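Notes follow once the structure below has been shown.
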Amino acid sequence: MFVLVNLKTYPCDSVAVAQAAAEVDETTDARIAVAPQAAHLEAVAETGVETWAQHVDPIEYGSNTGHTLAESVADAGAAGTLINHSEHRLTLDAIDGSVRAAERAGLETVVCANNPAQIGAAAALGPDAVAVEPPELIGSGTPVSQADPDIVSDAVEAAAAVDSDVTVLCGAGISTGDDVVAAGELGSKGVLLASGVAKADDPAAALADLVEPL
Ligand SMILES: O=C[C@H](O)COP(=O)(O)O
């Protein structure tokens, strides 16, 4: 299982979370990665943990003030990037452009979407993976695998119907190892989570709990 921890802009110590994730990664067969804010990418990558960007823009080198260039993200140490997160929605055209930009820079891609229909559309753009996240459950503490299991299994079916090479993650409210196991039982190959780690009193313990049953 892939455990992708998005730190969003939470006021946590991204390097401390990354160090904890790197340590927990040594103890498990699960794959753990941390997605900090762009400004923290390099410091997080230096901890040795697999590092992901939260977003890249559909641009090339040039006059793009304030945008995030995929090559810069890769140079900072990122191995992959989220695209179209629920908190950073893009047009279809921009999602396509961002996937192409990430590919050009050698970044792995996870395109986020709200529901199975959107997952099918996202899979058609050829990312490495898609992540289904019902927006109303994000940050709720109620795991999608429990509150809306059908959305996960339907997303797995929708992606497979379009491109069987595109793997499916799920996210929203995931915070325990049991939630990760439940996600796996629904056909998800990983989880995308944030508050369960970034807002935890003890992020290292939260991470250890997430992978304990895997
Ligand atoms: O990127 C992560 C997701 O939006 C899930 O966030 P959450 O784990 O706080 O519900």
Antiparallel DSSP beta bridges within the range 23-173, as percent of all bridges there, nearest 5: 0 percent
Accessible surface, 1.4 Å probe, highest first, among residues H67, H55, H40: H67, H40, H55
Among A43, A79, A131: highest mean-square fluctuation, GNM of the chain, C-alpha pairs under 10 Å: A43
Cα gyration tensor category, rounded, prolate or oblate, for the chain with a/c compared to 1.5: oblate
Inter-label distance for Q37 and R100, nm, one decimal - labels placed 7 Å from Cα along Cα-to-Cβ: 3.1 nm
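The values are calculated or read from the model by the stated rules, or taken from the named source; none is laboratory data. The structure presented is a predicted model; accordingly, all values stated were derived computationally and were not measured. Note that each Cβ is placed from the backbone with ideal geometry, even for glycine, and that neighbours are counted across all protein chains shown. Note: areas computed on protein heavy atoms with side chains; ligands, DNA, RNA excluded. Shrake-Rupley method; radii C 1.70, N 1.55, O 1.52, S 1.80 Å.
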